[in-house]
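Before any comments, here is the structure.
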Amino acid sequence: MAPTLAPSRITELRTVLDAEPVITTAGAIIWAKVDISYSCGAANPSVTIRVPLSWSKSDTDTERRDMALRFARQLIDHACAAMVPPIDVQTPVFEGLAQELGLSDPTTKPPRKRTR
């Protein structure tokens with residue numbers, strides 16, 4: 001039997017912006033770190049994603065934090081899409097992952113067929 005992931009929920013979502021922008025060949029950027037902590041049964045998994053944001057003096061910290069969350073989501077979506085060929089997301093471990101991440105439309109789960 002394949003292992004299943006216990007239902008999880010986000011317990012903390014934090015975005016930290018670097019203090020100063022960095023000049024790159026693509027222009028000025030500021031780095032943001034997005035920390036997501038979960039409660040998953042008895043476990044408390046977490047993930048940290050570091051994303052570059054285009055820097056503009058007129059952007060507010062709230063706008064930068066919103067942009068950081070959007071970019072982190074795009075990176076997660078990209079990682080999930082990139083792993084589809086080697087790993088079938090329909091296996092029990094990944095059931096619902098594509099829907100949860102917005103990669104596919106939600107569907108109802110068909111009833112399981114019992115074998116005797």
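What nm value, rounded to one decimal, do you get for the distance between ALA43 and ASP66 when each label is placed 7 Å out toward the C-beta?
Each label point is offset 7 Å from its Cα along the Cβ direction, giving 3.4 nm.
Using the count of nearby Cβ atoms within 10 Å as a rough guide to exposure, how do CYS40, CYS80 rank from fewest to most?
Details: CYS40 13, CYS80 18.
By the 10 Å Cβ count, ascending: CYS40, CYS80.
Once you treat every alpha carbon in segment 19-59 as an equal point and sum by Debye, what is log10 I(q)/I(0) at q = 0.17, 0.20, 0.21, 0.32 Å⁻¹?
The Debye formula, applied to the Cα set alone, gives -0.57, -0.66, -0.69, -1.06.
Kindly provide the trypsin sites (Lys or Arg not before Pro) of segment 1-84 that DSSP labels as loop, not H, G, I, E or B, and whose Cβ sees at most 16 other Cβ atoms within 10 Å.
Numbers: sites: ARG9, ARG14, LYS33, ARG50, LYS57, ARG64, ARG65, ARG70, ARG73; in loops: LYS57.
Here the sparse-neighbourhood loop sites are LYS57.
Residue by residue through segment 57-68, what is 3J(HN,Hα) from phi via Karplus (6.51 cos²θ - 1.76 cosθ + 1.60, θ = phi - 60°)? Round to whole Hz and write x for glycine and proline.
Along segment 57-68, the couplings run 4, 7, 5, 8, 4, 5, 5, 5, 5, 4, 5, 4 Hz.
None of the figures in this text is laboratory data; all of them are computed from the coordinates on show. The shown structure was predicted, so the numbers you read here are calculated from the model rather than taken from an experiment. Cβ coordinates were reconstructed from backbone atoms using ideal geometry, including for glycine residues, and neighbour counts include every protein chain displayed.
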